[in-house]
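A short write-up of the structure that comes next.
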Amino acid sequence: MSTDGHPLVAQLYDAVMAIPERTMLPEHREALAADLSGRVLEIGAGTGAMFPYYDEAADLHAVEPDPHMREQAVERAERLGRAVDIADAGGESLPYEDDSFDAVVASLVFCTIPDHEAALSEVARVLKPGGEFRFLEHVRGEGRMGQAHDVLAPAWHTVAGGCHLNRETGALFRHDDRFEVLDYEQVSEGVVPMVRGRMRLVDGRGRLRKSLSRVPLL
Ligand SMILES: C[S@@+](CC[C@H](N)C(=O)[O-])C[C@H]1O[C@@H](n2cnc3c(N)ncnc32)[C@H](O)[C@@H]1O
């Protein structure tokens, strides 16, 4: 996937995230990576902030389309001495076989993926049946906070590397019947509401079968 990416955002990302990375994010990153084994894929790995949290035994793969972010992710993996196969790809078109991962992880990324519905279909495609999709995402607020997010969203999209401040990502995930929800929690409220969850793939191609079943039989 060839994109120029967002060099300034990539350069500032770790500095801007330094305080949350020390305070509120560790517990969520730990939960995302807890007890993962087998073949694991992280979508939109950014600078590799999740890498220290994965078990050494996991066969870790990641995609990151922004070359500036990806370069930092590669450097972080090297610093950690962690083998991570990092591909230049977006979540909407994962360069992997069907049914090939035990788990897929998304951390603060579905807000930024341009076609997030296509990316969720890709998660369903590459997960093995029974595999887990784990996520931590910020979402549109309720009531007045949601309205404020709607107003700020266009400017935020420009300064924050394409992030959609007011996406209803949690609802998209929860209502997808290819997955069974194992855990779903609103883990923060206020200005940056966030949800964290785990879902098990029940039927990777359920939607396709469903839509085909609506075609009248002649
Ligand atoms: C807010 S950062 C999160 C990075 C990392 N997951 C973390 O937890 O710190 C969002 C990331 O999504 C990446 N991204 C943008 N478009 C994407 C796409 N189509 N597919 C996958 N990742 C994408 C960005 O380049 C960026 O690295």
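Each reported figure results from applying straightforward, stated rules to the coordinates on display, with no laboratory input. Since the structure is predicted, the reported quantities are computational estimates derived from the model, not experimental observations. Glycine also receives a Cβ, built like all others from the backbone with ideal geometry; neighbour counts cover every protein chain displayed.
For the chain, compute the orientation-averaged projected area of the C-alpha convex hull (one quarter of its surface), in nm².
Mean shadow area of the hull around the Cα atoms is 13.1 nm².
Using a 7 Å offset from the Cα along the Cα-to-Cβ direction at both ALA18 and ARG144, what is the distance between the two label points in nm, to one decimal?
A separation of 3.4 nm, rounded to one decimal place.
In the chain, which helices (entire DSSP H runs) extend 30 Å or more along their own long axis, judged by Cα positions, while averaging at least 0.0 on the Kyte-Doolittle scale?
none
Full extension from LEU172 to GLU78: what is 0.36 nm times the residue separation minus their Cα-Cα distance, to one decimal in nm?
Full-extension gain reported as 30.3 nm.
Please report the spacing between the Cα centers of segment 36-102 and segment 131-209 in Å, no decimals.
Taking the Cα centre of segment 131-209 as reference, the centre of segment 36-102 is 21 Å away.
Nothing charged except the Cβ atoms of Lys and Arg (+1) and of Asp and Glu (-1): what's the magnitude of the dipole of segment 147-186 about its Cα centre? Round to the nearest 20 debye.
Computed charge dipole of segment 147-186: roughly 220 debye.
What is the gain in length, in nm to one decimal, between LEU8 and ASP35 on full extension, counting 0.36 nm per residue of separation less the C-alpha to C-alpha distance?
Stretched out fully, the LEU8 to ASP35 stretch lengthens by 6.3 nm.
Can you classify segment 87-168 as rounded, prolate or oblate using the Cα gyration tensor, where a ≥ b ≥ c are the square roots of its eigenvalues, rounded means a/c under 1.5, and otherwise it's prolate if a/b beats b/c and oblate if not?
prolate
Taking the highest mean first, how do the peptides 185-194, 106-115 order by number of other beta carbon atoms within 10 angstrom per residue?
106-115, 185-194
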